[in-house]
Amino acid sequence: MSRQMKFVAFLMAGPTSHHHAMWRHPQTENRFLDPAFWETLARTLEAGRFDGFFFADVLSFYNETIMARGGQMSLLDPIPLVAMMARATSRIGLGVTISTSFQDPYAIARVLSSLDVLSGGRIAWNIVTSAIDREAQIFGKDALLPRSERYDRAEEVLGVCIDLWTGWADGALVLDKESGDFIDEAKMRRTEIAGKYVGGRGMFTVPPSPQRHPVIMQAGSSPRGRDFAASCAELVFTLQHSLPDMQEFYTDMKDRVDKAGRNPDDCAILVSVDPIVGETESIAREKQTYINELLERDPRLGIALVSAHTGLDLAQYPIDKPICDIPAEAGSRGSFDVILQGTNASNLTLGEAAKRFATSELCPQVVGTPESVADELQEFFENGGCDGFIVTPTEMPGSFEAFTRSVVPILQKRGVFRKEYPGSTLRETIKS
């Protein structure tokens, strides 16, 4: 079988995804508080044979402008949503984002493992470390850990979770009615970890799922974040801006995975794209112009969004200041580097960069007919840019409906995307 693309849908339990005018589009249903909406969407994506979907998450409002103007936010905890969407499907992977900065490992391991068991082995954990102090403050803390320590804590949290998840040997759950033996204690292992930030002592209570434990997903972009992803991630989500950027990131990450002692094929690199599909090229371009112009009239939202993602107060700078001249000692260095990478070639000002960031977070808007969208994705995939794609919508649920019904069949016919799921677990799917 030829190499196959992977597709994971980007979701948020709120009004937007990457495009911050999504909720204002006349075709967007804005039913993000309706469980039936999410269940139907999950079935649509499964019919399109997506590897999975995941909910990005933010634990507080980024700032008042984003709150007031309907920017990126999470209005619901994604864990209950994923549980409901699991019941509506049978094969598609189900990803949730949980920050390592606020919860103890046992709480994370227990809820994810429970979801993994109940879904038949289809859960992924998108690991984040958080980037804004508001998230810490809603938990009653003054601020996040220093940026240099956040991944140190994340490594400890993940290490404890893995140790808990692997504490059950095969056959530990006996369930023998005649003998009365329920668990074979000899096949259980205690966790005994005392780290600088977190630890755990005792036996994990949740039996393993068919895939043993959740798939690990990560989106680190700074050198430290890339090293962390290289050490553990099975799926890497990245924001890149063009094929050369994708190729550079892809080569760097695969090298890091190899140096970490892992098989580079065990870490799939997925780049974010925003497909806009039309019956003709001109219709698709009109759709793109329409949705993007909804943001042209509101530069405040773009500035607020870039500030939120970088942890920098960019409102203090003139909007005509070149973004490359803005210092970035604090905040999320990786996020700011991604923005610089996507804007330096055009020498954009802060205002220009903010508007562009608010449309697609500087990822490619792949615009055209189903055939031309498929062509462009195949070009990225076959020229060393990625192993697959994070598909983000510009209208809901229309973007995903158009993509699964028109683009996916073309890629299937070309032999670069599956027609059926290879097994029942997410790990089986992403390794196929």
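The values are calculated or read from the model by the stated rules, or taken from the named source; none is laboratory data. Keep in mind that what you see is a predicted model, and the values were worked out from it rather than measured. Cβ placement follows ideal geometry from the backbone for every residue including glycine, while neighbour counts extend to all protein chains displayed.
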So is ALA330 under 25 Å from ARG150 (Cβ atoms), modelled with pLDDT under 75 and touching a Leu at 6+ places or on another chain (Cβ under 7 Å) or not? yes
Residue by residue through segment 43-58, note down the ones that are in a loop (DSSP other than H, G, I, E, B) and either at pLDDT below 95 or surrounded by 24 or more Cβ atoms within 10 Å (Cβ to Cβ) (or both). PHE50, ASP51, VAL58
Can you name the condition, by its number, that PHE380 falls short on among (1) among the aromatic types (Phe, Trp, Tyr); (2) at pLDDT below 95; (3) farther than 30 Å from ASP34 by Cα? (2)
ASP142: among the charged types (D, E, K, R) and either at pLDDT 95 or above or surrounded by 14 or more Cβ atoms within 10 Å (Cβ to Cβ) (or both), yes or no? no
Inside segment 154-186, can you point out the residues that are within 18 Å of ILE123 (Cα to Cα) and surrounded by fewer than 16 Cβ atoms within 10 Å (Cβ to Cβ)? THR166
Near pairs, Cβ below 8 angstrom, 6+ apart or cross-chain, from segment 108-127 (at positive phi) to any residue that is part of a helix (DSSP H, G or I): GLY121/LEU426; GLY121/ARG427
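Conditions (1) surrounded by fewer than 23 Cβ atoms within 10 Å (Cβ to Cβ); (2) under 30 Å from ILE303 (Cβ atoms); (3) out of contact with any Gly (no Cβ under 9 Å at 6 or more places or on another chain), marked per residue:
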site: THR65; (1), (2), (3): yes, yes, no
site: SER74; (1), (2), (3): yes, yes, no
site: ILE92; (1), (2), (3): no, no, no
site: ASN126; (1), (2), (3): no, yes, no
Answer yes if at least one residue in segment 404-420 is part of a loop (DSSP other than H, G, I, E, B), among the aromatic types (Phe, Trp, Tyr), surrounded by fewer than 22 Cβ atoms within 10 Å (Cβ to Cβ) and out of contact with any Cys (no Cβ under 7 Å at 6 or more places or on another chain), and no otherwise. no
Can you pull out every residue in segment 130-162 that is outside any helix (DSSP H, G or I), closer than 21 Å to TYR106 by Cβ and in contact (Cβ under 8 Å) with a residue 40 or more places away in the chain? SER130, PHE139, LEU145
Inspect segment 103-119 for any residue being assigned to a loop (DSSP other than H, G, I, E, B) and buried (at least 17 other Cβ atoms within 10 Å of the Cβ) and give the result as yes or no. yes
All-but-one check, LEU362 against (1) in contact (Cβ under 8 Å) with a residue 12 or more places away in the chain; (2) at negative phi, failing number (2)
Strands (runs of 3 or more DSSP E) fully within segment 187-255 counting 2 or more residues that are touching an Asp or Glu at 6+ places or on another chain (Cβ under 7 Å) and either touching a residue at least 12 places away in the same chain (Cβ under 8 Å) or surrounded by 22 or more Cβ atoms within 10 Å (Cβ to Cβ) (or both): 191-194, 215-218
Being closer than 18 Å to ILE193 by Cβ and out of contact with any Leu (no Cβ under 9 Å at 6 or more places or on another chain) narrows ALA143, ALA107 down to just ALA107
